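Some notes on the structure that comes next.
The values are calculated or read from the model by the stated rules, or taken from the named source; none is laboratory data. For clarity, every value in this text was computed on a predicted model and none was experimentally measured. Here the Cβ is made from the backbone with ideal geometry for all residues, glycine too, and neighbour counts use every protein chain on show. The area values use the complete protein model at the heavy-atom level, side chains included, leaving out ligands, DNA and RNA. Shrake-Rupley method; radii C 1.70, N 1.55, O 1.52, S 1.80 Å.
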Amino acid sequence: MKRLAKPISVIIILVLLLFSAVSLLGISYYEGDFRRVPIKGFGDIDWGIDVSGGARVTLKPSTADEADLDTVKEAASVVEKRAAAYGLVDYDLYVNAPEKAIVLTIPNSINSEYSAEEIADILTSIGNLTLRPGEEFQTGLYDSSNSLVYAFPGGDTAKEVILSSEDVESSTWYSYSEGNATYYYVAVQYNSEAAELLKTVSNPSTGRFYNQTVSLWLDNRMLANPKVSEEIVGGSLQFSGMDFTESKVKLYSAVIGSGTLPEGLTVSYDKVEPTVGKNAADIMLYVGIAAAVILAVFMVYKYRTVGAVAIIMALFELSALVAIITGFCFGGNSTFLMTVPGAAALALSVMLTVISMIIIAERIKYQLDSGNPMGVSVSEGLKKSFKNILDINIILMIISLIGMFLFSTAGLIIGIFGGGATGGIYNFCFVLFFGALLNFLSGYILPNLVLRSLYSFKALSKPSVFGGAKK
């Protein structure tokens, strides 16, 4: 294995440190009193129910004694599909069988213009999407996102339903950019009979609603009031609104495409306090910093140069995971909700990189103590540590995948553990999976390049600098 040129290690280390600084600190600025955050840092992580608390919605049939428990369970399944389609990772959903009630709890820190209570309210609404003629409404009100909402169809609009959720096959959302602006819209796919009706009523020559305004309502909330300006073919109806954002279209699409709930359910709301305290995130940060300092001193003292490289790689592992969690890498504006189990997986992933570096350091030290020259010791140490690091990462990835597969389905977990298992265990497995995946890079590939370059420096070419015995 050849040694690499000196600049390679310097370039890699500088790039990793720069990436780590941006990922952990983030980038933000103020426009007046408003803080804009193009890149979220560690301090901007959104925490789940256990740290931030949440909003709880309880649905009960108005006549619980006569209600069918199977019907309640089917309704809970619809709510579960909605929560999954919306992208919630940390939520608590279960059926209280004795009271025949559905209980949904979601965290306060969801990245949305809506409050947690309003999101929970929409997720547990009847969810009937109706297409109606005109755009008449009874009242206007402001929602929690400070947007004006036209509520309750009125006049001729209230008298006729062109299509309803019974005709919907699926729903999704899209976005497109124009100039510096991004626009979001919902696309609803109707069944074949509804598709024929849409084509007929939108026909430019004979269509009843061609060149007319129609409105789409989610229960009693007007989502859009477009003017029919072209023939609608294929049964795909796309609509948007002035206040549509990514979080709103995700929510609307999740509800529209997951079926409806039965009517006659009474709704009650209450707040859920954090189970570990609101300052838990700060405590974990301070403990993490203290542990990192102690670990850094030990690694540098014990393994010299390899120990110093291990600290940089552990910092990169942490930064890369934070970048995934905050959406800096691969997430766009979406944000993964962290829980205390997720934080434990984050710490475990960082330690996984340290363990990988210890394996490398011990292999190199063994070669040096055996009397091999520096080049051979570094090459052989790296080569013989690969299988151990590979095995550890593969095993953890498989375990994490199994955990995500099992615990991403609330119905299975509710039957085994109860309502609170889904978020925490899935969160742990998700973070640990990416931690193990990233460890191939931070625990072997990058250290391989850096160490093969570092021993090219004269000052670092002595065995004692790489943990060998002083001569």
Original post:
Taking all protein chains as present, what is the carbon and sulfur share of the accessible area of segment 221-361, in % to the nearest whole number, probe 1.4 Å?
Top reply: 65 percent
Original post:
Which residues in segment 148-162 place their backbone N less than 20 Å from a point set 7 Å from the Cα of Met242 along the Cα-to-Cβ direction?
Top reply: 148-154
Original post:
How large is the charge dipole for the chain, taken about the Cα centre, if only the Cβ atoms of Lys, Arg (+1) and Asp, Glu (-1) carry charge, to the nearest 20 debye?
Top reply: 3900 debye
Original post:
Okay, helix-only estimate at 222 nm for the chain: each DSSP H run of n ≥ 4 adds -39500 (n - 2.57), divide by all residues, round to 500 deg cm²/dmol; what do you get?
Top reply: -16000 deg cm²/dmol
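Please compute the net charge surrounding Asp44, taking Lys and Arg as +1 and Asp and Glu as -1 over other residues with Cβ under 12 Å from its Cβ. Present the calculation step by step, with values, prior to reporting the outcome.
Numbers: positive: Arg35, Arg36, Lys40; negative: Asp46.
Neighbour charge sum, excluding Asp44 itself: +2.
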**OP:** Excluding residues fewer than 8 places away in the same chain, name every one of the lysines whose C-alpha is closer than 25 Å to that of Lys81.
**Re:** Lys60, Lys73, Lys100, Lys248, Lys250, Lys271
Original post:
In square angstrom, what is the accessible area per residue of the chain with a 1.4 angstrom probe?
Top reply: 49 Å²
Subject >> ³J(HN,Hα), Karplus 6.51/-1.76/1.60, whole Hz, each residue of segment 287-299, x for Gly, Pro >> reply: 5, x, 5, 4, 5, 5, 5, 4, 5, 4, 4, 4, 5
Subject >> Vicinal HN-Hα couplings computed from phi for segment 391-402 (Karplus, 6.51 cos²θ - 1.76 cosθ + 1.60; Hz; Gly/Pro x) >> reply: 4, 4, 5, 4, 4, 5, 5, 5, 4, 5, 5, 4
**OP:** Between the alpha-carbon centers of segment 362-376 and segment 111-127, tell me the distance in whole angstrom.
**Re:** 61 Å
Subject >> Sequence-distant aspartates and glutamates (8 or more away, or on other chains) whose Cα lies within less than 14 Å of Lys302 >> reply: Glu362
**OP:** Place a +1 charge on the Cβ of each Lys and Arg in segment 197-268 and a -1 charge on the Cβ of each Asp and Glu, then give the dipole magnitude about the Cα centre in debye, rounded to the nearest 20.
**Re:** 80 debye
**OP:** Any chance you could give the angle, 0 to 90 degrees and rounded to 10, that helix 421-440 forms with the longest Cα principal axis of the chain?
**Re:** 40 degrees
Original post:
In the set (1) 0.99; (2) 1.09; (3) 0.94, which value of Rg/Rh (Cα atoms, Kirkwood Rh) was calculated from the structure you see?
Top reply: (2)
Original post:
Per-residue HN-Hα couplings for segment 101-115, Karplus 6.51 cos²θ - 1.76 cosθ + 1.60 at θ = phi - 60°, whole Hz, x for Gly and Pro?
Top reply: 10, 9, 10, 10, 10, 10, x, 6, 8, 5, 6, 8, 6, 7, 6
Subject >> Amide H contacts under 5 Å for Ala55, placed H, 5+ residues apart >> reply: Ile106, Asn108, Val272
Original post:
What part of the accessible area of segment 100-158, given as a whole %, is carbon or sulfur when the probe is 1.4 angstrom?
Top reply: 46 percent
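Return a whole-number percent for the relative contact order of the chain, with Cα pairs under 8 Å and 6 or more residues apart as the contact set.
Working: 883 pairs, mean separation 97.2, N = 471.
Value for the chain: 21 percent.
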Subject >> Qualifying lysines (Cα of each under 24 Å from Cα of Lys199; at least 8 residues distant if same chain) >> reply: Lys159, Lys227
